Amino acid sequence: MASPPSHSQSLLPNPSILLLDSIERDKDRFRLMVHVEQEPKCPVCGETSRNRHSSYSRRLQDFPWQGVSVQLSVSVGRFRCSNRACPRKIFCERLPGVAQVFARQTVRTAELVRMIGYVAGGLPGQRLLERLSIGTSDDTVLRRVRQKPAQSASEFPVRNLGVDDWAWRKGQDYGTILVDLDLHRVMDLLPDRASESFSEWLKHHPEVVTISRDRCGLYAEGATLGAPQSQQIADRFHLVLNLSATMERVLEERSRQLILPPAEEVPEPQPTTADDVIPKTPAPSPRPTQSELRRQRRRERYEQVIALFQSGQSQAAISRELGIERKTIRRWLRRGEFPERKPPHRRPPKVNEFADYLQQRWNEGCHNATRLYKEIRDRGYAGKRAMVARFVAGWRKTGKAASPKAPERISPKHASILVTRAADRMTVEQQALLDRITIQCPEIFDLRRMALSFRSALEAETSAQLRQWIQSTKRCEFGALVRFAYGLQKDISAVAAAVEMPWSTGQVEGQINRLKTIKRQMYGRAGFELLRARVLPYTPALVAGPAP
């Protein structure tokens, strides 16, 4: 046993009540023998007692010294309560600022474990703590993280609130995230996406002045019920997304005009032979392919959906009866005709960029694929030799190069993105593609003009231009845009505030990205309470002694 150094007393947690007796060094740790000197008070009635009953020793894990773990062996007394009316007859000394009741770690050690678990998670935090000579389990780390601090972020007042949903399981379960737009931090997480829970949260925060949201009707209803005094603000980014989705529905009805066929080639006349004159026996009709059979089954399902809808059944009832997603049924009914499946769109091979050079070398008599591959590789070709051999293989059979250009098909979603993109963000290639689409579908010119006018209205200083855009769009020839304009008119207060006020849900989207990172980091172990504890701002507990 060695006498303790004079400065070791000041390193103890709450040295005002703990006195160091001795220090022992075991094989893998320091053991500090300490005792308590304080006025023992009953934890129930608060009466001071001097009548000692017995004593026992508590072993507490503390901060390591020089990479070696430290254990406090605290001699704690039991006392008889002197208050006859107190239901507690015998009580143990409490250790304020040192350890909680029944704890095996000091308060400051538990706070350090909670801090590392908040940042790193369970198993990574446990591995990091082992390197710091604080042995614990990943379950203990997560249990510390779940412990609610004295004051959580949701208890702070908030004036400008941002709200949006986040996917627990995409397409199935959603939650709600609430962000303080002034302090740039998450205020709370809700386990569902419902107007009732959102309105209930708002009723406990009557200080909310503005609510920035997307155009989800659930949050609009919840804000109206829970905070009728607040000003709702529609997010400008989501308004543009809604416009793009509307443009996509308009272009889905004109998908046949979004095909850009290649230039037609006049076929060379073939010499007439005797076989062409002699009538041939008609060949038997080929058996239908798997693709044709699948198309036939899809058409039968489509006809069943149309028949049930015309008989008066709802989309939900049709979905339950046929086992088809409601989105599919809604898309089929909106289309108005059987939706043919589009052929897969594949990027042309890189060797097509050197088609003219390969054709020239082939006409000059170079028919060796390896030599042609080496020549175009020196010119910047980064593909494989097999692609070159496959490209010139057709020339060996016919003696004529096949046309390198194939019909191009533009999806309605791709076209809607081009139509709604801001003019200053259009690249030269995108503008050229939009011009080609306009040739095949002249109505895109009007759609583009309306989209740019909508963007200009969102950037104006007042909402007058946006209100005028809504009125003019309600009289246009595109049904989807008419419905979009009427939807904006119903939510005109929040839509107009999007132009006149500076708030948006940009911060909320960033916090959702952080939430997804934390959720995926925990590999499915993130229950709602644990996820909420790690997403909310870290609030340190009050710790006596040197801070962790």
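The values are calculated or read from the model by the stated rules, or taken from the named source; none is laboratory data. Note that the structure is predicted; figures quoted are calculated from it, not measured. As a convention, Cβ positions derive from the backbone with ideal geometry for all residues, glycine included, and neighbour counts pool all protein chains shown. Ligands, DNA and RNA are stripped out before the accessible areas are found, and what is left, the full protein with its side chains, is counted by its heavy atoms. Shrake-Rupley method; radii C 1.70, N 1.55, O 1.52, S 1.80 Å.
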Mind listing just one residue for me: the one in segment 422-455 that is outside any helix (DSSP H, G or I) and without any contact (Cβ under 8 Å) to a residue 12 or more places away in the chain and, of those, nearest to PHE478 (Cα to Cα)? PRO442
What tally of residues in segment 491-535 results from selecting those that are touching a residue at least 40 places away in the same chain (Cβ under 8 Å), open to solvent by 10 Å² or more (accessible area, probe 1.4 Å), in a helix (DSSP H, G or I) and farther than 18 Å from LEU178 by Cβ? 3
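Hey, which of the helices (runs of 4 or more DSSP H) in segment 116-210, taking only ones fully inside, have at least 1 residues that are of a type in the set (D, E, K, R) and buried (at least 16 other Cβ atoms within 10 Å of the Cβ)?
Numbers: elements: 122-131, 138-146, 195-203.
The qualifying helices (runs of 4 or more DSSP H) are 138-146.
For (1) under 18 Å from ALA245 (Cβ atoms); (2) not polar (S, T, N, Q), each residue gets a yes or a no:
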| residue | (1), (2) |
| --- | --- |
| GLN440 | no, no |
| MET450 | yes, yes |
| GLU477 | no, yes |
| LEU481 | yes, yes |
| LEU488 | yes, yes |
| PRO502 | no, yes |
| GLN507 | no, no |
Which residues, counting only those in segment 65-90, are open to solvent by less than 40 Å² (accessible area, probe 1.4 Å) and in a strand (DSSP E or B)? VAL68, SER69, VAL70, GLN71, LEU72, SER73, VAL74, VAL76, GLY77, PHE79
Given the structure, is ARG94 in contact with a Ser or Thr (Cβ under 7 Å, 6 or more places away or on another chain) and open to solvent by 80 Å² or more (accessible area, probe 1.4 Å)? no
Answer yes or no: is there a residue in segment 463-477 that is part of a helix (DSSP H, G or I), surrounded by 13 or more Cβ atoms within 10 Å (Cβ to Cβ), basic (Lys, Arg) and within 29 Å of the chain's Cα centre (by Cα). no
Restricting attention to segment 410-443, and to residues there that are under 32 Å from the mean Cα position of the chain (by Cα) and among the β-branched types (Val, Ile, Thr), which single residue is surrounded by the most Cβ atoms within 10 Å (Cβ to Cβ)? VAL419
Of all residues in segment 215-231 being of a type in the set (Ser, Thr, Tyr) and outside any loop (DSSP other than H, G, I, E, B), which is surrounded by the fewest Cβ atoms within 10 Å (Cβ to Cβ)? THR224
Qualifying position, being touching a Lys or Arg at 6+ places or on another chain (Cβ under 9 Å) and modelled with pLDDT under 90, among ALA496, ALA541: ALA541
Out of GLU321, GLU375, GLU353, GLU303, I need the residue that is of a type outside the set (A, V, I, L, M, F, W, C) and within 26 Å of ARG409 (Cα to Cα). Which one? GLU353
Out of everything in segment 21-52 that is open to solvent by 80 Å² or more (accessible area, probe 1.4 Å) and assigned to a strand (DSSP E or B), what residue ends up being farthest from GLY135 (Cα to Cα)? ARG52
Going through ARG301, ARG320, ARG297, ARG287 one at a time, which residue ends up being of a type in the set (Lys, Arg), under 16 Å from ARG335 (Cβ atoms) and modelled with pLDDT of 60 or more? ARG301
Of (1) of a type in the set (Gly, Ala, Ser); (2) open to solvent by 10 Å² or more (accessible area, probe 1.4 Å); (3) modelled with pLDDT of 90 or more; (4) within 30 Å of ARG421 (Cβ to Cβ), ALA234 fails just (2)
Counting only helices (runs of 4 or more DSSP H) wholly inside segment 303-373, the ones holding at least 3 residues that are touching a residue at least 24 places away in the same chain (Cβ under 8 Å) are 326-335, 355-363
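So, in segment 444-462, of the ones that are of a type in the set (A, V, I, L, M, F, W, C) and buried (at least 16 other Cβ atoms within 10 Å of the Cβ), which residue ends up farthest from the chain's Cα centre (by Cα)?
Of all residues in segment 444-462, those of a type in the set (A, V, I, L, M, F, W, C) come to 444-445, 447, 450-452, 454, 457-458, 460.
Then keep just the ones that are buried (at least 16 other Cβ atoms within 10 Å of the Cβ); that gives 444, 447, 450-451, 454, 457-458.
Numbers: ILE444: 32, LEU447: 31, MET450: 31, ALA451: 27, PHE454: 27, ALA457: 29, LEU458: 26 Å.
Among those that are of a type in the set (A, V, I, L, M, F, W, C) and buried (at least 16 other Cβ atoms within 10 Å of the Cβ), it is ILE444.
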